[in-house]
Amino acid sequence: MKISTWIFRFRWPIVVISWIITIGFGLVIPKIIIDPDVKALIPNSMIAKVNTDKIEEIFGGSDMIMVLMGSEDILDGKALVRLQNIDNCFRRISQIERTMSVFSMKSIKGYEGSMLVTPALTSIPQTEEQRNLVRKELTDNELVMGTVVSDDFKLAAIIGTIRSGSDNKAILDSVQSIVSRYPGVERIYYGGFPVVKQSITDNILKDLKVLLPMAIVLMLLILALSFRDYKGVVLPLSVVLMSMIVSMGLIPLLGWKFALVTVLLPVMMIAIGNNYGIYLVNRYQEILKREPGIRMPDLMTELSNALSRPILLCAITTIAGVLALLTHIIVPAREVGVLAAIGISWALLLSLTYIPAALAILPRSKPRMVNSKPHITRLEHVLFRTGVTISRKPLVVLLVAGLATLIIGIGVLKITVEGNTIKFFSPTDPVRITSDLIDKHFGGSQSISIQISGDIKDPQILNRMLFYEEQIKNQKGAGQVMSVASVIRLMSKSLLDPGDPGYNSIPATREGVAQFLELYGMSGDPSDFEQLVDFNYENAQVLVRISDASSGNILHLSDFIRKITAGDPTVVRIGGVGLISAELTNSLVTGQWRSTGLSMLVVCILVGLIFRKRSAAFIVLVPLGMACIVLFGIMGWGGIPFDPATTLITSVMIGCGVDYTVQFLWRQREEIAAGLSLRRAVVKTLYTTGKAISFNAFAVMIGFTPLIFSSFSPIRFFGIMMVVSIFACLIGALVVIPALTLVIKPKFLNS
């Protein structure tokens, strides 16, 4: 029994079972968990992440939540009272293991040969004279300025270090509740990774609520305008929805989570899932236009014979393209590749069974007639004229296309890379505003840690740490740099007078260092240094805060740190969120070229196997390569960087773009086999299958358009560039491919 006959006989069960399976997957979608953690983007095996985890085991977690208070003068009595009240409640939050503020930071002074450690701010000044005195004392306190108080005294910070495994939303809710308990005229800003993570979660939910309905409405519109037949709208769209539901339902079933990059998945399914349905409905209308009275079983057979194989082959190449994402460094990108491949496979199965079954159930369409002749649409007319023009001057067409590609492609030299998560938010977003304030006034929101192991009380090791501090401070993008060595040097300034041999330096002997620390312990708390050195003084860290966390600066800074610490046996590891960001940035570039090359290679091999000629692989490579060059060139000219989302584009683009080329070549070969010359086959293929390819490409472009309105810049850039890249693939399939086949006259088209 032919497949078409089987589908016709069991058309009702096929439609019902398709929906039952889809609904089953849909029932688990509410179980999806959103994971906003930036660390979830990278594999656990990344060296920077491994090192960071080990450093945090010794010195505690590095994730912080910060409350900034802004005022014309932060030493104003009312502002300080409000800050103190918030600080008192802040430090009682169980999920925060330690806090820093102007009320908890220390002042180290010498008094009659001993060391006096007191709170940096012992009382709230009431008069202008008292405020000026406090201002001078704080200005001279290196531990306070630039850490919890800005140099212009217009901002103060309360910083809390979060315990591992804490609930970010619960912490943020607690902090906001505390702040609301003590209202005032001062401006309040919330910063740190819990705020970033919660904002990512909120924006993901917001994007899903806005972008998905927008994508579906736009898809309805483009299908309605393309086919002007409810079946051309309902059937491809139902396949889109069913493939999207299945791919989303797989997320909790596979134990995965919904990350920032995963926002692309449902929109990808909306944009790509209708591909094969469009080809089927277009050929269905084409057959009815040619033979209005054809019997339904015969129509089903012709439809199956004409499209089952090319659609299957197109789907295989598209799946191969998106599966190239498995080579990507970003973990959720790999997951998106797998989920998209499964979703496309489901869309393929539905297109080859569900859509023909539904067409057999629904009343047949009536061809649009004008003067008793089939209606020729404007698009068909344009495609026909395009085919005639190309067939007359194919070489000129290729030269013009090549020159345009070359000019646009020069922009590749201007491409940048951006792995800093904060840059994903718009400049007006509260998260971005607070982060900029932290970078400018408090040393930076990201850090790099240099772990030193050995006898930390050894003056040689301490002086080496001071050397690293001084060298790093002079580098662009470095903010506050601190270690226990700089604290010990500060102790020397409190005990000795200027001009004394040991003033503002590390004691010459280990015993001298131990004595300084013992004197500190008499009036201070040794746990004040727990973030800088362990209890046994066997491990310490030089903590480098980054004031400009753009990827270029982080890469430069991390490379410089590796260079100056190379060969030092006491430097056991380098880690920190900043280093993770640097390695992620490097990996994005490597992953981009690797996934692009792999997807290009795989689809070319598949096309060569499909047409059983290596020349077919070459022909496909030309338009895809030109589309990639145009894509990267426009990214460079437009200042759009490689980031965790835009590095997915080429795999998706190649997977979609090869579809158009295969469909065109397959139909062109059919027309030649039917007796048409190569030139006439090009013209006929353009205004028949070219129409379906155009509908398909426009539907994909429209499907990705809503991403332009995302809350995240990488998602917006992805949407923009997908529209550009699919348009480039469309031009490649409908202009470059016809011209190329006319010039080189490949033999496989005659086989």
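The values are calculated or read from the model by the stated rules, or taken from the named source; none is laboratory data. The structure displayed is predicted, hence computed values, not measured ones. Using ideal geometry, Cβ is built from the backbone for each residue, glycine included, and neighbour counts are taken over all protein chains shown.
Taken as a whole, the structure places residue 549 among residues that are at pLDDT below 90, crowded, with 19+ Cβ neighbours inside 10 Å and either small (Gly, Ala, Ser) or not in a helix (DSSP H, G or I) (or both). Note on segment 170-274: enclosed helices (runs of 4 or more DSSP H) holding 2 or more residues that are charged (D, E, K, R) and surrounded by fewer than 20 Cβ atoms within 10 Å (Cβ to Cβ) are 193-227. Would you pick out the residues in segment 487-509 that are closer than 22 Å to residue 533 by Cα and in a loop (DSSP other than H, G, I, E, B)? Of everything in segment 487-509, those that are closer than 22 Å to residue 533 by Cα and in a loop (DSSP other than H, G, I, E, B) turn out to be 504, 505, 506, 507, 508, 509. Among the residues in segment 629-652, are any in contact with a Lys or Arg (Cβ under 8 Å, 6 or more places away or on another chain), more than 30 Å from residue 444 (Cβ to Cβ) and at pLDDT 90 or above? Within segment 629-652, one or more residues are in contact with a Lys or Arg (Cβ under 8 Å, 6 or more places away or on another chain), more than 30 Å from residue 444 (Cβ to Cβ) and at pLDDT 90 or above.
Where helices (runs of 4 or more DSSP H) sit wholly within segment 662-741, those with at least 3 residues that are within 38 Å of the chain's Cα centre (by Cα) occupy 689-704, 713-731. Condition check for residue 106 on (1) over 27 Å from residue 484 (Cβ atoms); (2) touching an Asp or Glu at 6+ places or on another chain (Cβ under 9 Å): one failure, at (1). From the list 343, 293, the lone residue that is surrounded by 24 or more Cβ atoms within 10 Å (Cβ to Cβ) and out of contact with any Lys or Arg (no Cβ under 6 Å at 6 or more places or on another chain) is 343.
Among the residues of segment 555-586, those identified as crowded, with 23+ Cβ neighbours inside 10 Å and part of a helix (DSSP H, G or I) are 557, 558, 561, 577, 578, 579, 580, 581, 582, 584, 585.
The rows are residues; the columns are (1) assigned by TED's automatic domain parsing to the domain that holds residue 292; (2) touching a Ser or Thr at 6+ places or on another chain (Cβ under 8 Å).
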{"site": "345", "(1), (2)": "yes, no"}
{"site": "383", "(1), (2)": "no, yes"}
{"site": "386", "(1), (2)": "no, no"}
{"site": "390", "(1), (2)": "no, no"}
{"site": "400", "(1), (2)": "no, no"}
{"site": "412", "(1), (2)": "no, no"}
{"site": "440", "(1), (2)": "no, yes"}
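In segment 636-651, the residues that are at positive phi reach residues that are among the β-branched types (Val, Ile, Thr) and at pLDDT 80 or above with C-beta atoms within less than 8 angstrom, at least six apart or across chains, in these pairs: 639/416. When segment 275-290 is limited to residues that are crowded, with 24+ Cβ neighbours inside 10 Å and not hydrophobic (A, V, I, L, M, F, W, C), the one that is farthest from residue 236 (Cα to Cα) turns out to be 284. State which residue is farthest from residue 172 (Cα to Cα) when the search covers only segment 83-140 and only residues that are among the β-branched types (Val, Ile, Thr) and free of Cβ contacts under 8 Å to residues at least 24 places away in the same chain. Only one residue tops the list, namely 127. Only one entry of 217, 239, 263, 210 meets the criterion of being more than 24 Å from residue 685 (Cβ to Cβ), without any contact (Cβ under 8 Å) to a residue 60 or more places away in the chain and under 32 Å from the mean Cα position of the chain (by Cα), and that entry is 217. Residue 367 meets all of the listed conditions (1) modelled with pLDDT under 85; (2) assigned to a helix (DSSP H, G or I) but one, namely (2).
Residues of segment 514-540 that are touching a helix residue (DSSP H, G or I) at 6+ places or on another chain (Cβ under 6 Å) and either part of a helix (DSSP H, G or I) or not assigned by TED's automatic domain parsing to the domain that holds residue 453 (or both): 516, 529.
Checked against (1) hydrophobic (A, V, I, L, M, F, W, C); (2) at pLDDT 95 or above; (3) in contact with a Leu (Cβ under 7 Å, 6 or more places away or on another chain), residue 478 passes all but a single condition, namely (2).
Would you call residue 161 more than 26 Å from residue 434 (Cα to Cα) and touching a residue at least 40 places away in the same chain (Cβ under 8 Å)? Spelling it out, it is not the case that residue 161 is more than 26 Å from residue 434 (Cα to Cα) and touching a residue at least 40 places away in the same chain (Cβ under 8 Å).
Looking only at segment 505-515, decide whether some residue is buried (at least 19 other Cβ atoms within 10 Å of the Cβ) and within 23 Å of residue 564 (Cα to Cα).
Of all residues in segment 505-515, those buried (at least 19 other Cβ atoms within 10 Å of the Cβ) come to 506-507, 513.
Then keep just the ones that are within 23 Å of residue 564 (Cα to Cα); that gives 506.
Within segment 505-515, one or more residues are buried (at least 19 other Cβ atoms within 10 Å of the Cβ) and within 23 Å of residue 564 (Cα to Cα).
Test of understanding: among 278, 342, 294, 330, which residue is at pLDDT below 90, under 30 Å from residue 587 (Cβ atoms) and of a type outside the set (Gly, Ala, Ser)? Just a single option satisfies the conditions, and that option is 330. Out of all the residues in segment 659-675, is one or more modelled with pLDDT of 85 or more, buried (at least 24 other Cβ atoms within 10 Å of the Cβ), among the aromatic types (Phe, Trp, Tyr) and out of contact with any His (no Cβ under 7 Å at 6 or more places or on another chain)? Yes, segment 659-675 has at least one match.
Kindly establish whether residue 62 is farther than 18 Å from residue 332 by Cα and either among the β-branched types (Val, Ile, Thr) or at pLDDT below 95 (or both). Spelling it out, residue 62 is indeed farther than 18 Å from residue 332 by Cα and either among the β-branched types (Val, Ile, Thr) or at pLDDT below 95 (or both).
Taken over segment 640-661, residues that are of a type outside the set (Ser, Thr, Tyr) and either within 13 Å of residue 621 (Cα to Cα) or assigned to a helix (DSSP H, G or I) (or both) amount to 10.
Yes or no: segment 442-455 includes at least one residue that is in a helix (DSSP H, G or I) and either at pLDDT 90 or above or surrounded by fewer than 20 Cβ atoms within 10 Å (Cβ to Cβ) (or both). No, because not a single residue in segment 442-455 is in a helix (DSSP H, G or I) and either at pLDDT 90 or above or surrounded by fewer than 20 Cβ atoms within 10 Å (Cβ to Cβ) (or both).
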